Structures are given as structure tokens and as C-alpha cells.
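Have a look at the structure below, then the notes.
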Amino acid sequence: MSNNNSYLSNYFHRNGRALGSIGYFVLLMVIFLVGAPEAWIRPNLHQSVFVMMPTLIFLTIPLVFLVASGEIDLSFASTYAVAAYVFALLVKNGVDPAICLVLGIFTGAAIGALVGTLIVVFRLSSLVASLGVLFLLRGVILLLSNSRSITIMEVESHWIYPLLVGNFYGFPMQIFWAAIFVIFCYYFFNKHVFGIHIQHVGDNSVSAEQMGINVNAVKIKAFMFVGIGSAIGGIFTTMITYTFFPTQGFGYLLLALAAVFVGGTPYWGGLGTIIGAVFGVGIIAYMEIGIIAIGWSGEWRQFFNGLIILLALLGHRLHGERVR
Amino acid sequence: MENIIELDNVTKRFGGITALNKASLKVTRGEVVGLIGDNGAGKSTLIKTLVGVYSPDEGDILIRGKKVNAWNALKARESGIETVFQDRALTPQQSIVKNIFMGKELRYPFGFIKEKEQIFEANRLIREIGFTSKLINAESPVGNLSGGERQGVAIARAIYNKAELIVLDEPTNNLSLNETQKVFDFVLNVKKSNRSVLFIGHNIYHVYDISDRFVILDRGEVVHQLNKNDISTPEELMKIMRDTIGAH
């Protein structure tokens, strides 16, 4: 009997935060369903959410890795636009969009590596340093693009368009890519040396170093992963809308961060949940779109976003404080 | 006798402070070496240099007679040196199994982890170490364990990796009598299997009981070395320590 108890308690230790965030998601659905059933059964509401969710997933899930490693990055919202800019500019100049896609993702990885190296080597606060990079990169894009957007209708006729963001029996293709990304990240975080080392480093970097883990390399890789995720998000969005615009991505900054923490990943490092983050994204996306769908004015959106973050944080406290 | 590891005139500085000054030390196969010295004598620095957490500013490190370059913690572990650090080097929010395999995970190709095998091995080690509570298994978080149990996890790590040299930094600190005895039994087992131990301690009686040879460190220098057969009581060792420290 006692053994069963310990397995149960270990199960909750490992999954409590993910379960919590699933619980909030279900609760939110029920509230919407009871409060505005007629808006809720309309399929276009859920379609809008499905369009928004993949982008937010590409941004949020890599942030779970980074936050679990004990760092944070705000610059991803600008990396998103830099990668999209590289992609759109090259497409506009006649380069094969498949090559542009790869180069755009490389750009994201390179920015991530630079930001990570800067923070790790000079021991900067990742919050403040990445805030600087956020503004710096945004300034660079505004200057380079002359604050003008780039339209790339030509991408639609290329084979990557239907493959990446086309329509599959009514479902946007990016939903499937996001799902594959989530599954990959789940295994990468929980069953792969990369994810396990991230958790050790974020938990106690001195211990990790003493056990021969290269702490700096692990952290830089986590920053690179955030860069890659933002690049994918930015390029997908640019393809969906056929347009790069220089302020692109800024709106996702706080939403993606909110999704990480609402999803149950604590801010202090060492722990993280991929499944929780997916439901965190679901909560944020349904809040964003649901409020409008039930006919309330947009002003309520931020109010409820704030409320749900606070309630989720209070709820996740039930999973206990940091153990040392 | 083969030297497992040898430090040859190793110096380590932090800013303007010389924490280790031309220290030389060797551990041969099958012996238990006790490293003693006052607070601030440089015991910790010596250990951390020996196991690759710090890199020496001057001097050489030799593994089985061969000089090694770019010494680091991973290389030390790959050379068969495992350390039970004073702070245990654990990550408390992670499970016991993750801690036991930290940095040396059992892997499939492409870096995926052999989770089932790790859990099986960890549960076996937990029984071997003798965890009393049935509530503890490989997947319990380390943060829920007592000090002695945490020490058990750190020792399990060293056992699993079948190290040729196990470095124990203040392993009996904050342990109960019963737990201290377990640590002693562990050291004797290692010795019996013709492997070596470097034992660091404040408590002269503990060090005396367990060691074959003593190295006295003072202000970053190795000031005296003697064999256990040179003396007959821990009091004698303490007297030698008092006489050498500060005398040089």
C-alpha cells in the first residue's frame, strides 16, 4: 500500500503542474460554455484559435526549456521579426522559399546563440540583457526595412506553402506541424540528455558543473532553441498573411511568457512542463479570442488575461514552493 | 603500486590569493588517503582541482602516470574518479534516478535516455545503500530526503560508476552515528575491491580510523605526510598536526 502511495505522490510531483494547467483550461471552457453557449458552438471561434495557437506554441515551448534552465529571454519577440524579415526579403529577391525558410531558421538560431553567449560569458542578467536585445533588434529591423512591410504573394505558388500552412480537410496545416513540434519537444525535454541537463542546470548549476555538465553550453543551446522557435513562428505567420511587417511579433511577447507560467512552469528553474505549456497556450489563445467572440469589448481582454495569470499562479502554488 | 592520480607541484590562485602552493599528492591503487588540515588550509581547493572543477594555474596532473591536459570535471569522471562533494552536488527538484545518473546518463544513440534501465539500476542501488523508508523509490524527488539519505544518493552515484578513486569531501558532516558507520563500511568495501579513496575530514578521529596514510595541508601547502603505522593513536596524529601547522 505504501508503495502505491509513493508512486502516486511521485506521479503528482512529476505531473501536478501539467494537470493543474489542464484543469484551468477545462474550467475556462466550462465558464465560456455556460456563459456564452451560442458563441461557443460557432466553429469560426475555434478556427481562429487554431490559427493563433501554432505560432504561440512555437514561441512558448522553447521558452519552457529556457526558463527550466534558469534563464529568461525577452528578445524572442524581435528575433521572430528578424527571421521573418530575412525570409521575406530573400523571397522577394527571387530566392527559393525553401532555402529562405532554412536561412530564416538559421538566423533565429544564430541570434539565440549570440544572446546566450553574451549573457552567459559576461554573466549578465538574462532579463535585462534580453530586454536590451529586444529593443536593439527591433530598431535594426525598423532601420533596415525603413518601417515598410514586404508582401510576398509569390510564396503561395511554391510547394512549401501547402505543405506548411495550407489547408488539410478544413484544418490549417500549421496545426499538424505544431503538434509534431510538441511531441518532439516532449521527448526532447523529458527523455533526452538535452532536456535532462537543462533541468539539472536550472535546478542547481554548481552541482551540474561538479558532475561534469558544461553549464554554459547547455544554457547557450537553450537560447538557440528559443531563437529557432521564434524564427519558425515568425516565418509561418509571414507565410499565412503573405506579409512581413516590421512590428511583427511584439504582440506575442507577453502572451508567450504568460502561456509559459500559466502552463505551470515555475520561474525559478529546474522544472518545466511541455504539456502544461500547450494548455497554457490554449488558455491564452481562447482568452484572446473568446472574449471578443462572446461579444464583449476588447478592453476586457487584458483585464481577463491579467486575472487568469494571477489565478493560475495562485493555483500552481499548491504544487509547493521550491525545494532546496 | 600504480598511482591512480598524482598532483605535481600544483598551484591555484584566486585573484591575489594563492589557495594552493606547489602542492604535490598521489593516491595509489587500493589505499585510503586521509587529507587533513584546518579551516582555510586549502582542502577544498585541492579536491576541486584534483577532480577537475578548478583548473590549476601551474603544475601537472597525472592519471596513471600520464600527464593530462585541459583537465575538467567530465574528464575526471571519465578517468574513473568520482566525487562525493561536501554539498553532495545534487539537484533537489529532480528524482533520485536523475541525480544518480547526472552527467553520465545511460544513452541510446542520438542522446535519448535509457529510462527503464536507469530506474532499475537506481532502485537496486537504493536497496544496496539501505534506504529505510519504503516510501522512497528511484523516482522520488531528492528534495524530500534527509541529509543522510541525500548522502546515500551521492554515494550511490559513485558506486554505480565503479570509480577507481572515490573522493569523499567531509562525508560524515551532519550525519548520525548510524549513517557515519554506513559511510565507513562503504569506504572499507571500496578498499577491499582494490580501489582507492581520498577522504577529507575535520574530525581527526574519523580520518584516523579509516585512512592508511595521512596528508596534512596548511595554508595551501602539503606540510607533512605519514603512514598509519608511523603512529599509534589519533592523539598522536593530532599532536603532529598541531606541531607542523604554523611551524613551516
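Distance distribution note for segment B:20-87: the fraction of Cα pairs above 16 angstrom is 49%.
How big is the Kirkwood radius of segment A:102-147, worked out from every pair of different alpha carbons and given in Å to one decimal? Over segment A:102-147, the inverse of the mean reciprocal pair distance is 11.5 Å. Applying 1/(1 + (r/R0)^6) with R0 = 60 Å to the Cβ-Cβ distance of residue A:33 and residue B:162 gives a FRET efficiency near 0.55.
Considering only DSSP beta bridges with both partners in chain B, what is the antiparallel share in %, to the nearest 5? Just about 55 percent of them are antiparallel.
Convex hull volume of the Cα atoms of segment B:123-236, normalised per residue: 128 Å³.
Shielding of peptide B:137-144 by partners, expressed as the average count of other chain Cβ atoms within 10 Å per residue Cβ, is 5.
Each DSSP beta bridge with both residues in the protein assembly as shown is either parallel or antiparallel, and the antiparallel ones are about 60%.
Applying a threshold of 19 Å to the alpha-carbon distances of B:75/B:162; B:162/B:191; B:48/B:239; A:191/A:221; B:12/B:48 flags B:48/B:239 as lying beyond it.
When chain B is treated as a GNM with alpha-carbon contacts under 10 Å, the residue of B:43, B:66, B:114 showing the greatest mean-square fluctuation is B:114. Bridging of residue B:192 to aspartates and glutamates at a Cα separation below 14 Å is possible for B:31, B:164, B:212, once same-chain residues fewer than 8 apart are set aside. Comparing B:131, B:14, B:101 in a Gaussian network model of chain B where C-alpha atoms under 10 Å apart are linked, the largest mean-square fluctuation is found at B:14. Approximating the spin labels as points 7 Å out from Cα along Cα→Cβ, the residue B:1-to-residue A:268 distance works out to 4.6 nm. How big is D for chain B, in µm² s⁻¹ as a whole number, if Stokes-Einstein is applied with the Kirkwood radius of its Cα pairs at 20 °C and 1.002 mPa s? Answer from the Stokes-Einstein relation: 114 µm²/s. Taking a virtual spin label 7 Å from the Cα of residue A:117 along the C-beta vector, which residues in segment A:209-229 bring their backbone nitrogen under 16 Å of it? It comes to A:216-225, A:227-228, nothing else.
Applying the criteria of a DSSP loop state and at most 16 other Cβ atoms within 10 Å to the trypsin sites (Lys or Arg not before Pro) of segment A:106-163 yields A:123, A:148. Along the charge dipole of the protein assembly as shown, Cβ charges K/R +1 and D/E -1, which of A:268, A:315, B:224 sits furthest on the positive end? The listed residue farthest towards the positive side: A:315.
Could you pull out every whole DSSP H run in chain A that spans at least 30 Å of Cα extent along its own axis and averages 1.0 or higher on the Kyte-Doolittle scale?
Span-like helices in chain A: A:43-68, A:97-121, A:215-241.
Evaluating kT/(6 pi eta Rh) at 25 °C and 0.890 mPa s, with the Kirkwood radius of segment A:17-319 over Cα pairs in the Stokes-Einstein relation, gives 125 µm² s⁻¹.
Determine which residues of segment B:193-228 fall in the zone a paramagnetic label at residue B:235 would reach in this model, i.e. backbone nitrogen under 18 Å from the point 7 Å along Cα→Cβ. Zone members listed by number: B:204-209.
For a straight C-alpha distance cut-off of 20 angstrom, the aspartates and glutamates reachable from residue B:116 (same-chain residues fewer than eight places away being disregarded) are B:105, B:128, B:139. Placing +1 on each Lys and Arg Cβ and -1 on each Asp and Glu Cβ, with no other charges, gives the protein assembly as shown a dipole about its Cα centre of roughly 340 debye. Put simply, the C-alpha atoms of segment B:1-128 give a gyration tensor, and the ellipsoid matching it has half-axes of 31, 17, 15 Å, longest first.
P(r) tail for segment A:201-280: Cα pairs beyond 14 Å make up 73% of the total. Against the empirical curve 2.2 N^0.38 Å, the C-alpha radius of gyration of segment B:89-162 lands at a ratio of 1.02.
How much of the calculated P(r) for the protein assembly as shown lies past 47 Å, in percent of all Cα pairs? So the portion of pairs separated by more than 47 Å is 27 percent.
Scoring B:103-109, B:201-207, B:85-91 by mean Cβ neighbours within 10 Å over their residues and listing the highest first yields B:85-91, B:201-207, B:103-109. Each of A:69, A:141, A:48 was placed along the dipole of the protein assembly as shown (beta-carbon charges, centred on the mean Cα), and the one lying farthest toward the positive end is A:48. Per residue of peptide B:44-53, the mean number of Cβ atoms on other chains within 10 Å of the residue Cβ is 1. The distance linking segment B:138-196 with segment A:245-308 is 46 Å (Cα centroid to Cα centroid, whole angstrom).
Look at the stretch B:84-93: the mean tally of other chain Cβ atoms within 10 Å of its residues' Cβ atoms is 6.
Between residue B:69 and residue B:13, the modelled labels are 2.3 nm apart [label points 7 Å from Cα along Cα→Cβ]. Averaging 1/r over every pair of different alpha carbons in segment A:143-249 and inverting the result gives a Kirkwood radius of 16.5 Å. The GNM of chain A, with springs linking C-alpha atoms under 10 angstrom apart, assigns the highest mean-square fluctuation among A:246, A:43, A:54 to A:43. Computed over the alpha carbons of segment B:170-248, Rg followed by Dmax gives 13.3, 39 Å.
Take A:215-227, B:51-63 and order them by the average number of nearby Cβ atoms within 10 Å per residue, most first; the result is A:215-227, B:51-63.
Bear in mind these aren't lab numbers, they're just calculated from the coordinates by the rules spelled out. It should be emphasised that the depicted structure is a prediction, and the values quoted were computed from it without experimental measurement. Cβ sites come from the backbone with ideal geometry, for glycine too, and all protein chains shown count toward neighbours.
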